[in-house]
Structures are given as C-alpha cells and as structure tokens.
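One structure is given below, encoded as structure tokens.
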Amino acid sequence: MKKIRLSSLFSQLLLLIFVIAWIAPTFGLFISSLRDKDVLAISGWWTSFTTTEVNEIYRTEGKDAQVKEGDYYFIKSNLFGEDKGKEIFRFGVTSKNIDEYQVGESALFKDGTEITVLENGDYIWKSQEEFKKKKGKRVFVSAKSPPSFTLDNYKEVLFKEGLGQAFLNTFAVALPSTLIPLIICSFFAYALTWMKFYGRDILLATIIASLVVPLQMSLIPILTIYNDFGALFGVAAKSYPGIWMAHTGFGLASTTFLLWNFLKSLPQEMMEAAKVDGATHYDTFIKIVVPLSIPAFASIFILQFLWVWNDLLVGLVFLDKHPSEIILTAKLKELLGSRGENWEILTTGAFVSMTVPLFIFFSLQRYFIRGLVAGSIKG
Amino acid sequence: MSIFSLALTVLIGVLVFVAFFHFSNFLLDYFQLKTPKKIAWENSIRVVIFIGPAFIVLFVFIIYPVFETIRLSFYDKLGDNFVGLYNYAWAIKDPDFKRSIINNLGWLIVVPTLSTFFGLVIANLADRIWWGSIAKSIIFMPMAISFVGAGVIWKFMYDYRGPGDQQIGLLNAIAVALGFEPQAWLTIPIWNNFFLMAIMIWIQTGLALVIFSAALRTIPKETLDAARIDGASELKIFWKIIIPYLEQTILVIWTIITLLVLKVFDIIYAMTNGQWQTEVLANLMYDWMFRGGGDTGRGSVLAFCILIGVIPILAWNLYRHKQDQKV
C-alpha cells in the first residue's frame, strides 16, 4: 500500500514538472503583455508579482514650472509625472551617490538649490534666485514598485501598430478559407461514398496521396498562375479570393478524407431507403447527410480554421504586405524584425494573435480533439 | 478596408459556392428526366456537379503543380530554358543546401522521437491522476497557437542581456541563478538548432498526448488489472503491455509529426531566418522563390527534395488504404 502511494506521489510530481514547463512560456508572455513597457525592459516577468526595488533616474521640471512665494522660487511637481503607486525610500542628486538621502530630507544641488523628495514622488525644489534653465535636474531614486498591470500595450498595438486591421484581415482570410472547402468537399465526399462512377477508386487514392504532398510543391506553379492571371486581366495577382482558393486547395485533401471517413460510417440502409422513397441525391444530401454530419463539420471547421488562422507561409506568398491585406502572423513576423527589442509590442501582439485560437481551444476543445484523433487513427 | 467591405467580400465569396451547388442541382431536378436512358444521363450530370468543383481545385492546386514543379526543376531561373541537371548540380555543391539537409535530418530524428515519448509518458501519468485532464489541457494548448506566436513566446524565453544586466529571458535567468554565464542561445551554432527544435516539441507533444490518451482507453482494463494482480510494476506494465499495444498509434503519430517537421518553415523564418547555421529546406526554398527576383529552378529543386522525404510515408499510406479497401 505504501509503495503505491509513493509511486503516485512521484507521478504527480513528474506531471507537475511537465505542466509547469509547458505553461511557463505562454504565461510569461501573457503577464509581460500586461506590464508597463519601461519595467518590462529591465526586469523579468516573474518579478512582477512581488514588490520590487528599482533604481531609476528622473528629471525635474525646468524654469517654466516655477512659482514665486515670498523670497523664494519654487518648483513643485511629481517626479513620476503622476502618482504611479511607487514608493520612494531613498534618493540622491549625484550619480556618485544615488541613495544619499532619506525620503523627506532636503538635498543640496551643487548650485546651492535645495530639493525635498517625498515618498510618492512629489518634490519641492527651492531656490533663492530665479530658475534659468529650461531643462530640470536629474534626481536618482530608489523606489519600491508594487505589482501593477496595465492595458496600455493593447491599446498601442491594436490601434497604433495596425494589429487591429490585421486581425480583421485574418478573419476575412480564414472564414471563407474554411467554409469553401467544407462546402465543396462535403459534396465531393458524398459522391466518393455514395455515388457510383468510373474512376472513383483512383480519385480516392489521389486524395490519400495528396494528404501528404508538401504544400511547397504547389507554391511556385500557383504563384506563376496568379501572376499570369493578374497580368492578363489587369487585376492584382495577390487578392483575397486568390488566397481563399489556395487555402481551399491545400485543405481539400484532408477535409475530404475526414468527411469521407465519417460518411462511410453512416448506415447504408438509410441512404437506400431515401432512394426508394424517390429522393434525389441532392435531397438526400441536404435532408439526411448534412444534419447527421454537424458534429463532423464542427471538428473539420475548427481544424481548418485554426490551420488557416495560424498559417504564415501561404499568407506571405499569396497576399500583399500592405495594411489592408496583411494577416496577423505576417504582421507579427514583421514586428519581430522591426521592433525586435520592444518586448511590450511583441508580447502583446503575439497574445492578440492567439486570442481567437485560445478562445476556440477552450470553448470547443472536445471537437478539436475529436477531429485530430479522427484524422490520425486512419491517416 | 473597413469591417463592412471585408464582411461583404467574405459573404459573396462563400455564397458563390452555395449558389452553384443549389442552382445546378435545382435545375437538374426541375427538368426531371424519367425515362431509363435519361436517368443514366441525370446521374452522370449529378456526379459532375458533385465532384466538379472539388476536382478542379484538386487538379489546379495539387496535381498540376506537382508535375509542374518537377518540370521546372530542370529549367532555368525564369523557367524558359531547359538546363538538364544544372539545378541539381548546383544544390549538391551549395553549402546552404548541405546545411539544410543536415539540419532537416536532425529535426527528423529529434522532434518526432521526443514529442512521441513525452506524449506517451504524459498520457500515462495523466490518466491515473485526478487533475490529469487539466494537465492535459495545458500541455495540449500550444497546438492551438501559431508557429509565429510560439516563436515570439520562445524568443522571449531565450532573450539575452549582457552579464551585468538583469536577465528578462527565463532561460538566462535560470542559467544565471545557477551560476552560469548568460548565453545568446539562438546564435550558438549547432546547439541553436536544438533550441529551435524545443519549440516544435513543445507544440507537438500535445498532439501525441491527445491521440495516446484516446488510444489508451482502448486497452482492455482486464489485461492491466491481471498484470497488476500478478505483481507487475507500473514501469513493467508500461514497457511490456502498453507500448506493444500502442505500436500502431505510435507509428501514426510518428508519421504525422515527421510530415510536419519536413515542412518546418515558420519557426526558422521567424526566429533566425536560417542564420547561425539553422537553415532548413523549406526556409531555403522560400528564400530562393524571391531572392534576386526569384529562381523557380532552384526553388523547385528544393521543393522536390521535401517531396522525396515524404514519398515513403505516401507509399505506406496508399498501401494501408488498399488493405482497408479489401476488408
């Protein structure tokens, strides 16, 4: 008995290690997308849950902010610009001694002016003479920064970086690229299963073979066709209908195969009964096969939709990179090149691109898994 | 484009296909042809309507391109002049090509093996633990994410700062905490390939996991119970009963992941673009499709190399399909 418990404890521990290793990367990305961009650049995301001590440099305001009270000139403001919830505990006025003073104490600059910094960043800078310089002076602070999260990065990425538009574009690519194959393949699979015609077996074998043909084999010829077509009719070679058809082509074999596999399992008697009753193939298809196939349609829809949504290669080759056509993955890749060090943009952008797949994943996981398993057991 | 014009485009695009099927079938039913000879005609027309669109797409996007790509591999840069084996001779001498082949082989060995292994182990662990299904969901989740998204996630994991600075990448933070020097992981030749493979393993383990989970349920409980009563250890049950029972499934998962790995493009393109000796065939092919205005000959040779890798799986699938049809 004791041995079993020990082994169960070991299993739990091992599984826990796997789970942590698998979730940590995504979790870190998500947390980072919610952090202030300045903090994100200098500290690891795992420090964001605890109060951290940071050393920072701020600049006071210049002469424009001064007021005269009695014999003295004052500049009163806040180092952070506004109260950010940070707590200053020490500060300094020279780079040699950045934590010389306690908060609340008065520090002397070299020119004899005097500054007092308070815990929340408020400061009073006092001078006997009028302030002359437009630029303020540097103040070094050691502050405790409590955990804080913000949605600023999302606003920036969606509206300024153009990811909002790319998001819509991706929908405009993914929905037809999923629905068109589903429509034409369901008729195709029906014919392969229930209609007798010459060459059916060869067609089926072609589908099986096409399942594994790498899409790289198609890129160059299709691109040539599109370019010729565009030149011939004076339209753009890269367009939404173009990419829909490309995705339809690349998803056709797997969609047909999965549907064929499903339709095969429907009882033959039912089809024959419908035929005896005088139903045409089209009636049988619409009134019997489609309603019965809804769960299979759901699984295939999800698989193909996620495939298209997550695709990069087809989008790069068959769509332009200007804002009205670029898809999320291509945009993200572009940001990786141009904003490689701006982790607030990258993490947030990546998370935006993941929202739809994650939503589908968590709400329709059952169908997703069913599709994958159905596709694999046979394929 | 605004959201409305996009939605309209989408709607029209989909409706065209619905309309085609509806009206063609409607017309066929309208002119009911009931004499025996005509019924045969009707059936043939119906078959054409049902398989026509799909067949055209299949032909234009898969069948024709396969032969065209093979043809183009014997032609020059623009596809105008026959050059025999010139492109193949170029490939054999090209150092990038050599590097790609070596790397692709590495990917083919490491990724399917480890993904399958992890998937199998996790499926076994999770089946016996009450919070197993939550664990499975978490490990499966990367399957839903794009390779580029995963690329960003892992680029952040591998982020490198100088030895004095605070590390913001988790891997370097761990390395520093353990007393090592921080490393720019993705720029260390040979090893960086493994850091890229880790991303693919991270994604594909989920696939292996769910398929194994489904397959594990088909093992008769009596067999397992009998083994336990006989005093077999869990480890022994795993090796002696579960693995042999799942042989077919293991093979299937292996081929699925192998197919994916042969085509691996997004991860390399997003993370290193083949620099620091991480080049693979698919990335090199994309490169040649556009480099210097595009070289269809060399691009086609590279695509053909990927196809060659697929052929054993293709043959095996067709063989199995034939066996199934006989039953």
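The values are calculated or read from the model by the stated rules, or taken from the named source; none is laboratory data. These numbers were taken from a predicted model, which means no experiment stands behind them. Neighbour counts run over all protein chains shown; Cβ positions are idealised from the backbone, glycine included.
Quick look at the numbers
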| item | result |
| --- | --- |
| Residue list for segment B:181-193, restricted to those being free of Cβ contacts under 8 Å to residues at least 40 places away in the same chain and assigned to a loop (DSSP other than H, G, I, E, B) | B:E181, B:P182, B:Q183, B:A184 |
| Conditions (1) among the small types (G, A, S); (2) facing another protein chain (nearest Cβ under 9 Å); (3) farther than 18 Å from A:L316 by Cα; number of the one not met by B:A303 | (3) |
| Residue selected from segment B:151-180 under the condition assigned to a helix (DSSP H, G or I) and more than 8 Å from chain A (Cβ to nearest Cβ), by the criterion farthest from A:V314 (Cα to Cα) | B:A177 |
| Top-ranked residue of segment A:220-239 - restricted to ones that are part of a helix (DSSP H, G or I) and in contact with a Leu (Cβ under 8 Å, 6 or more places away or on another chain), ranked as surrounded by the most Cβ atoms within 10 Å (Cβ to Cβ) | A:I220 |
| Matching residues in segment A:99-113 - criterion: being loosely packed, with under 15 Cβ neighbours inside 10 Å and not in a loop (DSSP other than H, G, I, E, B) | A:Q102, A:S106, A:L108 |
| Subset of segment B:256-294 [part of a loop (DSSP other than H, G, I, E, B), of a type in the set (F, W, Y) and closer than 17 Å to A:P214 by Cα] | B:F265 |
| Residues that are touching a strand residue (DSSP E or B) at 6+ places or on another chain (Cβ under 8 Å) and touching a residue at least 24 places away in the same chain (Cβ under 8 Å), drawn from segment A:18-61 | A:V39, A:T51, A:T52, A:E53, A:V54, A:N55, A:E56, A:I57, A:Y58, A:R59, A:T60, A:E61 |
| Some residue of segment A:71-89 being within 27 Å of B:P163 (Cβ to Cβ) and in a loop (DSSP other than H, G, I, E, B) | no |
| Only one of B:I49, B:I45 that is at pLDDT 85 or above, more than 9 Å from chain A (Cβ to nearest Cβ) and part of a helix (DSSP H, G or I) | B:I45 |
| Test: residue in segment A:266-283 that is modelled with pLDDT of 90 or more and within 12 Å of chain B (Cβ to nearest Cβ) | no |
| Subset tally (residues that are more than 28 Å from the chain's Cα centre (by Cα) and facing chain A (nearest Cβ under 10 Å)) for segment B:229-250 | 3 |
| Pair list, Cβ under 9 Å, 6 or more apart: segment B:304-327 residue in contact (Cβ under 8 Å) with a residue 40 or more places away in the chain, other residue hydroxyl-bearing (S, T, Y) and not in a helix (DSSP H, G or I) | B:F304/B:S73 |
| Cβ pairs under 6 Å, 6+ apart, first in segment A:177-196 and more than 7 Å from every other protein chain (Cβ to nearest Cβ) and within 14 Å of B:I56 (Cβ to Cβ), second of a type in the set (V, I, T) and surrounded by 21 or more Cβ atoms within 10 Å (Cβ to Cβ) | A:P181/A:T248; A:P181/A:T255 |
| Single residue of segment B:121-131 satisfying the filter (in a helix (DSSP H, G or I) and at the interface with chain A (Cβ under 7 Å from one of its Cβ atoms)) that is nearest to the chain's Cα centre (by Cα) | B:I122 |
| Test result for B:I253, at the interface with chain A (Cβ under 10 Å from one of its Cβ atoms) and either part of a helix (DSSP H, G or I) or over 13 Å from the mean Cα position of the chain (by Cα) (or both) | yes |
| Single unsatisfied condition, A:K137 versus (1) more than 30 Å from B:L302 (Cα to Cα); (2) without any contact (Cβ under 8 Å) to a residue 24 or more places away in the chain; (3) not aliphatic (A, V, I, L, M) | (2) |
